[in-house]
Amino acid sequence: MAANAEQRGRSEAGMWHRESRARHLRERAIKIVLAACAYVSVLTTFGIVFVLLFETITFFREVSIVEFLTSTTWSAAFANPQFGIMVLAGGTLLTTLIAIAVALPVGLLAAIFLSEYASPRLRRWLKPALEILAGVPTIVYGYFALTFVTPLLRATIFPDMTIFNALSAGLVMGVMIIPTIASVSEDAIYAVPRSLREGAYALGATKRETATRVVLPAALSGIVAATILGISRAVGETMIVAVAAGNLAQLTANPLQSVQTMTAYIVQVASGDTGTGTLTYNTIFAVGATLFVMTLILNIISYIFVRRFREAY
Amino acid sequence: MVTKSGTQTTQKGGPEGEPVFKSSTSARHALDRVFAILVFVATMIGLVVLAVLLVDIAWDGIPRLSWDFMTSFPSVIPENSGIYPALIGSLWLLGLTALFSVPLGVGAAVYLEEYATDTWMNRLIEVNISNLAGVPSIIYGLLGLGIFVNLLGSVTGGQSIISGALTLSLLILPVIIIATRESLRTIPGAVREGGYALGATRWEVIRSHLLPMALPGALTGTILALSRAIGETAPLIVVGAATFITFAPAGPQSSYSALPIQIYSWVSQPQPAFQLAAAAGIVVLMVVLLLTNSVAIWLRNKYQRRA
């Protein structure tokens, strides 16, 4: 095709055609440059997978994969190290559960208020105000959890709570993901057709009954998607837990105790001096790979649910 | 839903005569009022916590702020510690991240919105971008550590500003692409067709019409993404931002600190005096964020009026 155009350019060598050929070439060059920009995102994914896989394979040459998945001790820094990812995953699970226990009810009720109760004017003000919560840097939440929430809880309800604990970190993390859950749920609730609400009202249902028994079930897949997205955020959240939950890798279900999450472990190792190629260096990639796979699965499930509610109406 | 209510209605009139609707109207309406209050309170919880957080930080941090704090270097004595190198480091990161991420992000968005046809490769790029937006930031840190710090260390200078800025650029790229695409999508097709009808090529239409029209939305999204980059801590810790640095960075290959890194370093110290320095650092960080966000809002309003 290029040769064809060139021939034509030569045979009818008028001004206009020459310019057109130059323009044509420029158009093609620009398209290639722009496509290259788009491919950077694919390269990024390849880069992530390559780096994680490469270092993780090196890690599993030293440590058996069975030990990694089944051991109930994590003592990477000791002389005879044990690498049981369950310990770190347990820390992540505990803080995530606390965060979701806060964010799901609060976010869902807020979504109902925004879409069913608030006037359009109030809604225009409240939505961006809530979004600010998601824009506050996580290190700021970490500071807040450590220096405000923990002392408050120790002074009031839980006097024997340790300074670093899963509860404060989880609670503050829950507040951070309220906007995620509220805004995705609200989209789903808003998408429920008006006719369903009108049908409920016509049958004599009150506003609350309509919202909780008709609108919410109809928006369920969107709400599930919002929840899973929130879980994924909580699992990947780093600074709040690194600052407020401590660095004690132990398998516990007691939220008043210090736990170490997968993300906090990576931060702890990266803050210190670790030489490239050491086992400790490889460990953070193995933990990172576990984290990446977990969030990837959660994001895919969430994506499937989002698509389902979009297709429904 | 509808069919279920339908069967319930027939049941109601059936021989069992079991009423589905409770006739206790006043109780149901009282419950409605409670529910209305409940959803309102839930909405306010987030905002109240936000207010408490801001007041708490201002309370702790503002008394510690001073010109000395802004111009001093970190020190082992908390009262003498300052934020200067971290602030300069953050400004460096901001500038370089914008330099890398804006052309790449806008370019990718223009390609996907204006050029890409519906092939499997382009669909892969789309799925990939939305997936990248959900990857935890610390994973980008590991990517930066493996590629920019170690593999390309001879070019980037290892644990340097440029490695940090490249890592942050990849982190915010999906956000910029999504914002720019949404902005391009709102431009009516007639603008493109008008351009083509006058003999303009695709790129000429993009440059002279589509990009200027998409600017407010793209700019707002970009600045919000950059302000996210300023507040990011975890990936910078992983790619080796220093916590204790006694010089202002001299160039892109210099080692560096950044505001959130400095705050993290102070928060981790047991002495209460360092906690106050952290609070003051947070105030500085929040002011920087407030400034960038105000610029975003100002620019959007300015361009929206013109259009």
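Against the test of being of a type outside the set (F, W, Y) and within 11 Å of chain A (Cβ to nearest Cβ), the options B:G189, B:G217, B:G231 yield a single qualifying residue, B:G231.
Before we move on, is A:I112 within 26 Å of A:E209 (Cβ to Cβ), part of a helix (DSSP H, G or I) and more than 19 Å from the chain's Cα centre (by Cα)?
Details: within 26 Å of A:E209 (Cβ to Cβ): yes; part of a helix (DSSP H, G or I): yes; more than 19 Å from the chain's Cα centre (by Cα): yes.
Against the criterion (within 26 Å of A:E209 (Cβ to Cβ), part of a helix (DSSP H, G or I) and more than 19 Å from the chain's Cα centre (by Cα)), A:I112 qualifies.
Can you name the residue in the stretch B:126-139 that is facing chain A (nearest Cβ under 8 Å) and either more than 25 Å from B:G164 (Cα to Cα) or not in a loop (DSSP other than H, G, I, E, B) (or both) and, of all such residues, is farthest from the chain's Cα centre (by Cα)?
B:N128
Here A:L291 fulfils each of the conditions (1) more than 8 Å from chain B (Cβ to nearest Cβ); (2) modelled with pLDDT of 85 or more; (3) within 20 Å of A:A99 (Cβ to Cβ) apart from (1).
Of the residues that make up the stretch B:111-125, is at least one among the polar types (S, T, N, Q), farther than 20 Å from B:V175 by Cα and away from every other protein chain (no Cβ under 12 Å)?
no
Yes or no, residue by residue, for (1) farther than 23 Å from B:S160 by Cβ; (2) at pLDDT 90 or above; (3) touching a helix residue (DSSP H, G or I) at 6+ places or on another chain (Cβ under 6 Å):
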site	(1), (2), (3)
B:L93	no, yes, yes
B:T97	no, yes, yes
B:S101	no, yes, yes
B:G107	yes, yes, yes
B:E113	yes, yes, yes
B:S130	yes, no, no
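Within the stretch B:234-261, the residues that satisfy the criterion of being under 14 Å from B:S163 (Cβ atoms) and facing chain A (nearest Cβ under 10 Å) are B:P235, B:L236, B:I237, B:V238, B:V239, B:G240, B:A241, B:I261. Filtering the stretch A:154-212 to residues that are closer than 30 Å to B:T25 by Cα, in a helix (DSSP H, G or I), touching a Phe, Trp or Tyr at 6+ places or on another chain (Cβ under 7 Å) and not small (G, A, S) leaves A:R208, A:T210.
If you go through the stretch A:39-64, how many residues are farther than 14 Å from B:L170 by Cβ and either surrounded by fewer than 17 Cβ atoms within 10 Å (Cβ to Cβ) or facing chain B (nearest Cβ under 8 Å) (or both)? It would help to see each step written out before you state the result.
Narrowing the stretch A:39-64 to residues farther than 14 Å from B:L170 by Cβ: A:52-64.
Retained after the next criterion (residues that are either surrounded by fewer than 17 Cβ atoms within 10 Å (Cβ to Cβ) or facing chain B (nearest Cβ under 8 Å) (or both)): A:52-55, A:57-58, A:60-62, A:64.
Residues in the stretch A:39-64 being farther than 14 Å from B:L170 by Cβ and either surrounded by fewer than 17 Cβ atoms within 10 Å (Cβ to Cβ) or facing chain B (nearest Cβ under 8 Å) (or both): 10 in total.
Tally the residues that are of a type in the set (A, V, I, L, M, F, W, C), assigned to a helix (DSSP H, G or I) and more than 30 Å from B:G141 (Cα to Cα), restricting the search to the stretch B:161-203.
Summing the residues that are of a type in the set (A, V, I, L, M, F, W, C), assigned to a helix (DSSP H, G or I) and more than 30 Å from B:G141 (Cα to Cα) in the stretch B:161-203 gives 5.
Residue under question is A:E186, and the condition is that it be in contact with an Asp or Glu (Cβ under 9 Å, 6 or more places away or on another chain) and among the acidic types (D, E); does it hold?
Working: in contact with an Asp or Glu (Cβ under 9 Å, 6 or more places away or on another chain): no; among the acidic types (D, E): yes.
Criteria not met by A:E186.
Of the residues making up the stretch A:210-244, those that are at pLDDT below 90 and of a type in the set (D, E) number 0. The lone criterion from (1) of a type outside the set (D, E); (2) in contact with a Ser or Thr (Cβ under 6 Å, 6 or more places away or on another chain); (3) within 18 Å of B:Y256 (Cβ to Cβ) left unmet by B:A109 is number (3).
Could you identify the single residue in B:V135, B:V49, B:V106 that is farther than 26 Å from A:N299 by Cα and of a type in the set (A, V, I, L, M)? If you could, list the steps in order and put the result at the bottom.
On the way: B:V135 fails: farther than 26 Å from A:N299 by Cα; B:V106 fails: farther than 26 Å from A:N299 by Cα.
Only one candidate passes the filter, namely B:V49.
Within the stretch B:137-158, being crowded, with 22+ Cβ neighbours inside 10 Å and out of contact with any Phe, Trp or Tyr (no Cβ under 8 Å at 6 or more places or on another chain) holds for B:S137, B:I138, B:Y140, B:G141, B:L143, B:G144, B:L145, B:I147, B:F148, B:V149. Taking the stretch A:287-303 as the range and being of a type in the set (V, I, T) and without any contact (Cβ under 8 Å) to a residue 24 or more places away in the chain as the test, the residues that pass are A:V293, A:I297, A:I300. Against the list (1) assigned to a helix (DSSP H, G or I); (2) not assigned by TED's automatic domain parsing to the domain that holds A:T280, the condition A:V106 fails is (2). For the stretch A:192-248: of the residues being more than 30 Å from A:T295 (Cβ to Cβ) and among the hydroxyl-bearing types (S, T, Y), which is nearest to the chain's Cα centre (by Cα)? Among those that are more than 30 Å from A:T295 (Cβ to Cβ) and among the hydroxyl-bearing types (S, T, Y), it is A:T212. Of the residues in the stretch B:104-115, none is surrounded by 13 or more Cβ atoms within 10 Å (Cβ to Cβ), within 28 Å of the chain's Cα centre (by Cα), without any contact (Cβ under 8 Å) to a residue 40 or more places away in the chain and assigned to a loop (DSSP other than H, G, I, E, B).
Applying the criterion of being surrounded by fewer than 20 Cβ atoms within 10 Å (Cβ to Cβ) and closer than 20 Å to A:V241 by Cβ to the residues of the stretch B:262-273, the residue that is nearest to the other protein chains (Cβ to nearest Cβ) is B:S268. Looking at A:T280, is it of a type in the set (S, T, Y), touching a Pro at 6+ places or on another chain (Cβ under 9 Å) and surrounded by fewer than 18 Cβ atoms within 10 Å (Cβ to Cβ)? It is true that A:T280 is of a type in the set (S, T, Y), touching a Pro at 6+ places or on another chain (Cβ under 9 Å) and surrounded by fewer than 18 Cβ atoms within 10 Å (Cβ to Cβ). Scan (1) of a type outside the set (D, E, K, R); (2) in contact with a Lys or Arg (Cβ under 7 Å, 6 or more places away or on another chain); (3) at the interface with another protein chain (Cβ under 9 Å from one of its Cβ atoms) for the single condition A:S221 breaks and write down its number. In the conditions (1) of a type outside the set (D, E, K, R); (2) in contact with a Lys or Arg (Cβ under 7 Å, 6 or more places away or on another chain); (3) at the interface with another protein chain (Cβ under 9 Å from one of its Cβ atoms), A:S221 misses (3) alone.
Only one of these is closer than 23 Å to B:V52 by Cβ, at the interface with another protein chain (Cβ under 9 Å from one of its Cβ atoms), of a type outside the set (A, V, I, L, M, F, W, C) and crowded, with 17+ Cβ neighbours inside 10 Å: A:P105, A:P137. Name it.
Numbers: A:P105 fails: crowded, with 17+ Cβ neighbours inside 10 Å.
Going through A:P105, A:P137 in turn, just one is closer than 23 Å to B:V52 by Cβ, at the interface with another protein chain (Cβ under 9 Å from one of its Cβ atoms), of a type outside the set (A, V, I, L, M, F, W, C) and crowded, with 17+ Cβ neighbours inside 10 Å: A:P137.
Considering A:P120, A:P179, A:P159, A:P151, which residue is without any contact (Cβ under 8 Å) to a residue 60 or more places away in the chain and under 23 Å from A:A211 (Cα atoms)? On inspection, the qualifying residue turns out to be A:P120.
The values are calculated or read from the model by the stated rules, or taken from the named source; none is laboratory data. Please read these numbers as outputs of a predicted model, since none were measured by experiment. Neighbour counts run over all protein chains shown; Cβ positions are idealised from the backbone, glycine included.
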